[in-house]
1. Does any residue of the range 522-538 turn out to be free of Cβ contacts under 8 Å to residues at least 12 places away in the same chain, of a type in the set (Ser, Thr, Tyr) and part of a helix (DSSP H, G or I)?
2. Quick one: in the range 465-498, which of the residues that are in contact with a Ser or Thr (Cβ under 6 Å, 6 or more places away or on another chain), part of a loop (DSSP other than H, G, I, E, B) and modelled with pLDDT of 95 or more is surrounded by the fewest Cβ atoms within 10 Å (Cβ to Cβ)?
3. Taking the range 394-415 as the search range and keeping residues that are part of a loop (DSSP other than H, G, I, E, B) and of a type in the set (A, V, I, L, M, F, W, C), which one is nearest to Lys332 (Cα to Cα)?
4. So, in the range 322-374, exactly how many residues are farther than 26 Å from His386 by Cβ and part of a strand (DSSP E or B)?
5. Taking the conditions exactly as written (under 20 Å from Lys129 (Cα atoms) and touching a Ser or Thr at 6+ places or on another chain (Cβ under 7 Å)), does Trp549 satisfy them or not?
6. With respect to Tyr76, determine if the residue is closer than 25 Å to Tyr145 by Cα, without any contact (Cβ under 8 Å) to a residue 24 or more places away in the chain and either buried (at least 17 other Cβ atoms within 10 Å of the Cβ) or not assigned by TED's automatic domain parsing to the domain that holds Leu171 (or both).
7. Can you tell me which condition Ser405 does not meet? The list is (1) of a type in the set (S, T, N, Q); (2) crowded, with 16+ Cβ neighbours inside 10 Å; (3) free of Cβ contacts under 8 Å to residues at least 40 places away in the same chain, and all the others hold.
8. Quickly run through the range 216-253 and pick out the residues that are among the polar types (S, T, N, Q) and either more than 25 Å from Arg487 (Cα to Cα) or touching a residue at least 60 places away in the same chain (Cβ under 8 Å) (or both).
Amino acid sequence: MKKFSIAVILCIFCAVLFFSLNKSDTHTVLKIISPVEFYVDFNDNMVADTEELVHLQDIDIEPDELDKTDILRLKYLGLKYARENLLNKNIKVFSDSNGNTQVLLNNGIDYRKSLIDDGLVYTRNNKDKVKQKIEYAKTINLVAYNKNTKRYHRLDCKYAFDSPFIEVKKLSELEKDAMPCKYCHVTYKKPESSSEKHIKYPRDVYEKYMPLYKDSALEFYVTDFVKYFYPSSKCLTTACQSLLKEINNATYSIDFAIYGIDNQPEITNALINAQKRGVQIRWVYDTDRKGATIYSETLKLKNSLQNCRRDIDYPPRYVTEKTVKDAIMHNKFFIFDNKKVWTGSANISHTDLSGFNANSAVLINSENIAKIYKREFEQMYSGKFHMLKSLTEPNINQVDASKMSVYFSPQDSAISKHILVLINNSKKYVYVPVFVVTHKSFVNALINAKNRGVDVRLIVDATSAGSKYSSVKTLRDNNVKVKTENRAGKMHMKSIIIDDKYVVVGSMNFTKSGERYNDENVLIIENSKLAAAFKSKFLYFWKEIPDKWLYKNPRAESLNSINSCYDGIDNDFDGKIDKDDEGCKFRLSKP
C-alpha cells in the first residue's frame, strides 16, 4: 500500500513538472495585426512591446496575382481565423531548421500549416484553395467599414480605403447606426413591405455606351449580372440605353411586342412622349386568362398607349383549354420606323434592363429584318396569336458582316428545324447561357455533341435548375458541363454560341412550350467576330461561377446566391423576401 502511494505521488509530481515546463514555453498573444503578424507577450508584462512582434515568413496575404478586392476578402477570412485561434491564447513560438518562425497552438496544431492548408494565405502551391476561399468570401456580403465616421463602402468603392480607420466586415456585423457611403450607396429605399425595412441599395452606376460587338448594321449587348447586386429603375445598361435612344429618335412609328413592363419609367415616359410628338405607337402584350400580368405597370401603360392588343382576347379556338392556358406572348421586340429592330431576352423591367439579370439583346438596322418582324407583329395585332399565325417564309439576310435568319414560335419550329442543325454540325464548341432547358431533342443534341468531342457547356439559372422539369441532371449524368449561377440576379439569356461562327439570340427558352405554344422570336446570326466576342463573355461568366456549382445547385434565394438575401427581391417566387425566406435563415457552411 505504501509503495502504491509513493507511485501515485511520483506520477502527480511528474505531471505537474511537465505542465510547468510546458507552460513556461508558451506565451499569450496580445494583439493581431494580420494573420501573419501578431504580438506575443514573451516577457509576460501584458504589454505589446515592439520587440515582441512575430512575423511568419514566406507566406503572402497580398499576392500580386489577386486584384485588390479579392485581397481584401482573403485578409478578412485570415484575420478572422487568427483572432479565433490566437488572440488571448497561449502559443509556442520557435524557429525551425531553416530559420522560419513556427507557431504551435495550444491544441498542438501547426498554425502556419493550417493557414496554408485552409487557403487563408497565398503560396505557389495552394492557389486553388485560395481561390475557393475567395469565392466563399464573395457570398457573405463584405463591406469596408470606417470605424471613425461609421460609414461603410462597397469593396470596389474609390473612397473605401482613404482612411486608417477602415476595416473589412460583414454587412450583418455592422453597428446599428452604421450608414452607407453616399458615393457607392444611397441611404434607403422606401419600404414596400416589412421585410424590406432595412434594405440598403447601392448608388446607380451607368455603363459607358459600349456594345459587346458593333458594326454599321448591328449592335449586340450583354448585361453583366456579376457587376450589379440590386435591381434599379434607371436605364443603367448599354442594352437599355440603346432602346431608349431608338424610342427617342423614332419619327413616325413604333410597333412593339412585350411580355410586360414594370418599373422602367425612362422607357415608359419615352414611349408616351413619342406618341405626344406624333409617332404612331402600337403594341401587343401578355396576360393570363383572368387578365392579370406579373408586370404591374403593363395594364397602366395601356391607359396612355391605347393602340394595344392582348393575347388572351384572341385564343385559338381549336386547341385544348390546357394549351390556351400555357401559351404566353413572350416576345420582347421593337420595330422603329420600319427600319430598325431591337430584340433579345430582356423584359422591360427593373430586374432585366438594369443589369441585375444577365440578358442578351441586339439592335439591327435593316429594312429587310424590320419587314419580317413587322409581318409577325401585324398578325398578332390583328388577333392571330400563338397557333393562329402563318409560317415565316425562309429567309437568309446579308446585313453588313452578318448573315441573319429570323424565326417565330410556334409556327416555325425554330429548335427542331433550325437550331438542332447547327448543334449537330458543331465541331469545336457549343456554349449555352440560358434561363431554362427542358426540350428533349435539344438536350439529346447537346449530349451527342459532347460524345463526339465537342466542348459543350451551359450556364443555367438557379431557379430553373431546381425545377422537376429541368434537364440539368440529365445533362450532368451524361458528362455535359452545366454550371448553375449563384447570383442574386438571374441568368435570363436564351442564347447559343457555336464554333466562333453562329450566335442564337431571342426571347425563346429552349423548352417545349417555347417552341410549340408561346409567341417567341429567334435570330440566328452568322458572324465570326460577334461569336468570338460573345464566347469571351460567356467564359467570363463561367469563371465567375465557382466550380462547385458544376455538381449541385444553389438555392435562388439563399446565402449561397450572392446578395439574394439582401436585394429586396423574391428571387425564387415563393412569396417570401430576403430574411423572411427559409434559405436566408441558415448560416452558410464553409466549402
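1. Yes: one or more hits.
2. Looking at the filtered set, the residue picked out is Ser495.
3. Ile396
4. Final tally of qualifying residues: 4.
5. Yes, satisfied.
6. Criteria not met by Tyr76.
7. So Ser405 meets the others, but not (3).
8. Correct list: Ser216, Thr223, Ser232, Ser233, Thr237, Ser242, Asn248, Asn249, Thr251, Ser253.
The values are calculated or read from the model by the stated rules, or taken from the named source; none is laboratory data. Keep in mind the model is a prediction, meaning the values are calculated, not measured. Every residue, glycine among them, receives a Cβ derived from its backbone with ideal geometry; neighbour counts consider all protein chains shown.
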